[in-house]
Amino acid sequence: MRIRLMFEPKPGVQCNVNEMFRCYAENYLSDFPQFVWGGYIVMDVKEHKYNMNAAGEPFYQFVATDVTDELLTQVKEYVKTNPMHGYHTHMHVGMPNENEKVVAYD
């Protein structure tokens, strides 16, 4: 199983420096060393929580592969109880050779 965390900035947040956000998110995810920097990803604007601009906005992402159900449960609880300040975290989960699905954690 694979988990993809995508971080959508809340209104007024303007962190567009890749290395700065990467450091911020690596610190946020420090209890989960399985996650690796995935750069940018563009999501369907209908899935955005804040930015409804038709052009969308790329989100920073971190990805973990070979994930167990136990780790998925831990990550969902962590994101729910400890949200990253200034960002909404989108979580998708995928199995090999299948499309990813949105995971609700709140």
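No value in this document is a laboratory result; all are computed from the given coordinates. Just so we're clear, the structure is a prediction, and the values are computed from it rather than from any experiment. Backbone-built Cβ (ideal geometry, glycine too); neighbour counts: all protein chains shown.
Among the residues of the stretch 95-104, what is the count of those that are surrounded by 13 or more Cβ atoms within 10 Å (Cβ to Cβ) and either more than 17 Å from ASP69 (Cβ to Cβ) or small (Gly, Ala, Ser) (or both)?
Within the stretch 95-104, residues that are surrounded by 13 or more Cβ atoms within 10 Å (Cβ to Cβ) and either more than 17 Å from ASP69 (Cβ to Cβ) or small (Gly, Ala, Ser) (or both) number 0.
In the stretch 62-99, how many are free of Cβ contacts under 8 Å to residues at least 60 places away in the same chain and in contact with a Phe, Trp or Tyr (Cβ under 7 Å, 6 or more places away or on another chain)?
Going through the stretch 62-99 one residue at a time, the tally reaches 3.
Against the definition (closer than 26 Å to ASN97 by Cβ and either touching a His at 6+ places or on another chain (Cβ under 8 Å) or not hydroxyl-bearing (Ser, Thr, Tyr) (or both)), how does GLY39 come out, yes or no?
yes
Restrict the check to the stretch 54-73 and report whether at least one residue is hydroxyl-bearing (Ser, Thr, Tyr) and touching a Gly at 6+ places or on another chain (Cβ under 8 Å).
Yes, the stretch 54-73 contains a residue that is hydroxyl-bearing (Ser, Thr, Tyr) and touching a Gly at 6+ places or on another chain (Cβ under 8 Å).
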